[in-house]
Amino acid sequence: MNWEDRNFIHPPGRMPPYWCHRPVASASADDPGFPYLRGAKNVNTGSMGLQAGIVGLPNVGKSTLFNAVSSSAKAQASNYRFCTIEPNVGLVNVPDERIDKLAELVKPNRTVPTQIEIVDIAGLVKGASKGEGLGNKFLANIREVDAIVHVIRCFEDENILRDEGPINPVGDKDIIDTELQLKDLDSVEKKLQRAEKMAKTGDAKTKAELEILKRCHAHLEQGKNIRELGLSKEDRTAIADLFLLTEKPVLYVANVDEPSMHTGNKFSEALKAAVAKEGAEVIVMNNSIEQQIAEMEDPDDRALFMEEYKMKEPALNKLIRATYKLLKLQTYFTAGVQEVRAWTILEGWKAPQAASVIHTDFEKGFIKAEVIAYEDFIHYGSEAACRDAGKLRIEGKEYLVKDGDVMHFRFNV
Ligand SMILES: Nc1nc2c(ncn2[C@@H]2O[C@H](COP(=O)(O)OP(=O)(O)O)[C@@H](O)[C@H]2O)c(=O)[nH]1
Ligand SMILES: [Mg+2]
């Protein structure tokens, strides 16, 4: 087979036009930067199988947000791949203007963006860690995701039921945080008991592990989240088997009313102030408007609607990009006349590992990669022009792929 063919990106038979099954390849689950990577990589969707879960109290706008995500994905389905893996799991394209700019230059037969998976997790209530309101089931669902999108209600509306009294974003966040911390405390305590016994006779490693567990325990007891404990890579690897909920990266959606969607309001401001020290991102948006935009099938209607609301793009785009970053994902491109395509890898991956996302053979038989930086490709306008200008680099096995690299792999099989 002629693997050198520039336009040949997908090995035959590996890329059905629509994929609603979920083949999982063995992945590099040993990346300690991502202890909760479940070892699953959704090869056919290129989404890596990493999921972000939408979490929050009941009636804050989680499902509205999820509907916006899945409707926008459905709207794209005529061009792209979409499927709902399960009723509450959706795949959505990652909006990236770079792929559009590459496509303008290359004029491929088609353009394939990369995707991420979003899960709608039912509402948690106070007492969830003790099993209230199917709490244990929902907490187990959170255990399975790789990052948390925490939706917080920042709108007033008497018609929409709320058990916790007046709108209180910081209080709401604390309720959820507390439930997650209590669940983590359970997990840590169980392991701590075992570790204490083992450490009496154990080696240095066991003793070190005991110390980490004690630190986690004390931290959680103070009502803090593990992600703020400043654990080293090694520390995190040692507790990776616990899949701690409060270790997962988080971003917040402040679901505000329509008049505040550009400016925010006192509620979203309070939330921002409260999470400032966490360094977490807060995205201010109106989930209902997003759902309406996403459900509009006619692109002209959509454009008109957004113009009316003075929106340059759906806030959903911003959220998806932020989630992608939160998952520590990055993108490289392949750019041939057949297709211009975005591929997802984890930060810190080397060229052969990045090649494996296209096909495992690409990794096994990896020889070298031809790499053009995205800016160079845009500046010179084509691969040939980049080559002439000396901007096409030949990189080997140790090359750390950079976000935006335009890559072409050479390999043997
Ligand atoms: N006024 C207002 N209502 C909203 C907004 N977002 C969602 N809702 C409504 O709040 C109710 C609960 O929303 P839902 O998304 O089902 O909440 P979930 O329980 O968190 O999944 C629904 O009636 C939504 O239409 C918003 O931004 N403003
Ligand atoms: Mg819901």
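Computed from the coordinates by the stated procedures, all read-outs in this text should not be read as laboratory data. Every value quoted in this text rests on a predicted model; they were computed, and no experiment measured them. FYI the Cβ positions are ideal-geometry reconstructions off the backbone, even for glycines, and counts take in every protein chain you see.
Below, the figures for the structure above:
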{"item": "Ascending count of other beta-carbon atoms within 10 Å, so fewest first, for PHE267, PHE305, PHE366, PHE411", "result": "PHE305, PHE411, PHE366, PHE267"}
{"item": "Amide H contacts under 5 Å for VAL250, placed H, 5+ residues apart", "result": "ILE148"}
{"item": "DSSP-loop GluC sites (Glu not before Pro) across region 310-409, with at most 14 other Cβ within 10 angstrom", "result": "GLU398"}
{"item": "Ascending count of other beta-carbon atoms within 10 Å, so fewest first, for PHE155, PHE138", "result": "PHE138, PHE155"}
